[in-house]
1. Of Leu53, Leu67, which residue is buried (at least 24 other Cβ atoms within 10 Å of the Cβ) and either at pLDDT 95 or above or farther than 18 Å from Glu116 by Cβ (or both)?
2. Could you tell me whether any residue of the stretch 168-175 is among the small types (Gly, Ala, Ser), within 28 Å of Ile40 (Cβ to Cβ) and in contact (Cβ under 8 Å) with a residue 12 or more places away in the chain?
3. For Ser60, state whether it is farther than 23 Å from Ile216 by Cα, assigned to a loop (DSSP other than H, G, I, E, B) and near the ligand (Cβ under 9 Å from one of its atoms).
4. If you go through the stretch 128-146 one residue at a time, do you hit one that is surrounded by fewer than 17 Cβ atoms within 10 Å (Cβ to Cβ) and within 28 Å of Asp57 (Cα to Cα)?
5. Which residues, counting only those in the stretch 178-230, are free of Cβ contacts under 8 Å to residues at least 40 places away in the same chain, outside any strand (DSSP E or B) and among the charged types (D, E, K, R)?
Amino acid sequence: MAEGPDIENEYNNFTALNTPDNHPARDMHDTFYLDKNSLIPRQDTELMVDLVLNQFDKKSKLNILDLGTGSGVIGITLSKFYPNSLITISDISPKALKVANKNIKKHKVSNVNSIESNWFSGFKEEKIFDLILTNPPYIAKGDVHLTNLEINYEPSNALVSANNGFSDIFKIIDSAANFLKPQGKLFIEHGYTQADKVKNYLQKKYFDAIKQHQDINHKIRVTSASKIKV
Ligand SMILES: C[S@@+](CC[C@H](N)C(=O)[O-])C[C@H]1O[C@@H](n2cnc3c(N)ncnc32)[C@H](O)[C@@H]1O
């Protein structure tokens, strides 16, 4: 069988362009096994990891869900910083989960479980998570930001979402409160043009303490919120 594209080289080219060497989560880019079945981790995603690192003590015993985990990069990275915490990583794609499971082994972490799930379908509606982090597909079909590199080397269902890019974000917000502990936190990565709509939608769906976080280019790329006390 013919070999696929040289993903490792493309990946190195890609991250060399985007990632500062001195970032605390640099490991996210250097040591993850990747193939064409999972998203190439982006610098933007480090923002979400940073936000958690800045808010929660490393000794915390948290129950964390990385929803739409792809290569496992968010959950596995956090599992190393939070050895006393339990991390669940989930994805709808069995092929992506295979990549994530390889990375669990590669990184020798024992506090990470992986689950195949269409967003929350594989979970019981128990309010067990302290934190849910997600970098869902949020690019509109035909968006100019879909570069050739992405189209050629990454699965489109990892990037593209219906309803002008909002379909998956809204589905996640619709259900997240059912799986979070009271005052549990949701962190969502999204496109900078989506920030206002994400904020408004969270306000309608049992969340408050909404904060929006900028990337190094001063664009809002992550919104976090707490489940309201009920
Ligand atoms: C933008 S990628 C993010 C991957 C990884 N978390 C990262 O930051 O590099 C989105 C991920 O969501 C997964 N996904 C798409 N639709 C999903 C669904 N309905 N349920 C669960 N995961 C889904 C894709 O397979 C993909 O791995």
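The values are calculated or read from the model by the stated rules, or taken from the named source; none is laboratory data. Worth saying up front: this structure is predicted, and the values here are computed from it rather than measured. Using ideal geometry, Cβ is built from the backbone for each residue, glycine included, and neighbour counts are taken over all protein chains shown.
1. After applying the criteria, what remains is Leu67.
2. Yes, the stretch 168-175 has at least one match.
3. no
4. Yes: one or more hits.
5. Matches in the stretch 178-230: Asp196, Lys197, Lys199, Lys204, Lys205, Lys219.
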